[in-house]
Structures are given as C-alpha cells and as structure tokens.
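This report refers to the structure that appears directly beneath it.
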Amino acid sequence: MLKDLIANFYELWGGAYLGDFSEQMYSNDLYFSVALYSVIVALILTIAYYYVVDRPGTAKLSIWSLNLLMGAIINFIIAFVSANNDLTDIFASVGEPIPASFTSDMIVFSIINSMWTVLLMFLVSIMIKWKSTNSSYVPF
C-alpha cells in the first residue's frame, strides 16, 4: 500500500508514467529509498532554516528561496544517483546494459522529486514557522 502511494506520487497518478523505467523502479521498490532520503533532507533543511540559522539577516524571502532551491538540487542529485546506481546494479546482475532511454527518464524522475521537495518544504515551513524567533513571517 505504501509502495503504491509513493509510486503514484512519483508517477503523478499516471501522468508521468515512464514505461519500463517506472516498472523497474516499482518492481524493485526503488521509489521508497529516494522518498525517504528526500523527506529527511527536506525536513532537515527546513528545520535548520527556522531554528538553527534563525537570524535577522537570514529572515528574508531570498534566503528562504535559496534554501528551497538547495533542497531541490540536493534531492535532484539524490534521486538521479540513487536511481542510476540501483538500476545499473540490477541490469548488471543479469548481464545487460541499462537502456539508453533510462537516462532521460531518470532526469524526469529527478525533476519530479525536486518538485515534491519544494512542495514539502513549503508546507513544512507553513507548519513550523510560527515558533521561529526571526523568520516567523517568512515566506509570508
């Protein structure tokens, strides 16, 4: 059930279904690890912004946006590298090369992961910003 839910998020409920790539990711349960790492990174960066780096000089929309961008980039890299390494291992174990089309599919998957990261960081920001000393009004 959780496997299906996570796959639906990454495949945008069928709107971003990528054929063989999506089948490999789903059947080998590769979506879960990417989702787990991505949620952890998003939470750490958001909490760090509001409670660790909470200074008057950083309580700006531009700094918050850079934090969001940093989370999106980090999670793009996590998604791409994780999918590439895991799929390379899977295909190597059966003696086949990874299909060339998977590279573009990994980029699409990584972009989707970045979009979910931005959304998650925004929602977490809304929920936890109230207790921040200086950044309680950021993003609005």
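Quick notes
- Single condition residue 123 does not satisfy, out of (1) of a type in the set (A, V, I, L, M, F, W, C); (2) exposed (fewer than 15 other Cβ atoms within 10 Å of the Cβ); (3) over 22 Å from residue 13 (Cβ atoms); (4) free of Cβ contacts under 8 Å to residues at least 24 places away in the same chain: (3)
- Residues satisfying the stated conditions in the range 96-119, i.e. among the small types (Gly, Ala, Ser) and farther than 19 Å from residue 39 by Cα: 100, 101, 104
- Residue in the range 98-120 that is surrounded by 18 or more Cβ atoms within 10 Å (Cβ to Cβ), of a type in the set (S, T, N, Q) and touching a Pro at 6+ places or on another chain (Cβ under 8 Å) present: no
- Test: residue in the range 49-64 that is closer than 29 Å to residue 26 by Cα, modelled with pLDDT of 95 or more and surrounded by 19 or more Cβ atoms within 10 Å (Cβ to Cβ): no
To keep it simple, each residue is scored yes or no on (1) in contact with a helix residue (DSSP H, G or I) (Cβ under 8 Å, 6 or more places away or on another chain); (2) free of Cβ contacts under 8 Å to residues at least 12 places away in the same chain; (3) over 21 Å from residue 131 (Cα atoms); (4) assigned to a helix (DSSP H, G or I).
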{"residue": "3", "(1), (2), (3), (4)": "yes, no, yes, yes"}
{"residue": "38", "(1), (2), (3), (4)": "yes, no, yes, yes"}
{"residue": "42", "(1), (2), (3), (4)": "yes, no, no, yes"}
{"residue": "49", "(1), (2), (3), (4)": "yes, no, no, yes"}
{"residue": "73", "(1), (2), (3), (4)": "yes, no, yes, yes"}
{"residue": "82", "(1), (2), (3), (4)": "yes, no, yes, yes"}
{"residue": "88", "(1), (2), (3), (4)": "no, yes, yes, yes"}
{"residue": "109", "(1), (2), (3), (4)": "yes, no, yes, yes"}
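- Residues satisfying the stated conditions in the range 23-36, i.e. small (Gly, Ala, Ser), surrounded by fewer than 19 Cβ atoms within 10 Å (Cβ to Cβ) and either assigned to a loop (DSSP other than H, G, I, E, B) or at pLDDT 95 or above (or both): 33
The values are calculated or read from the model by the stated rules, or taken from the named source; none is laboratory data. Because the structure is a prediction, the values reported are computed rather than measured. Counting neighbours? That spans all protein chains shown, and the Cβs are built from the backbone with ideal geometry, glycine included.
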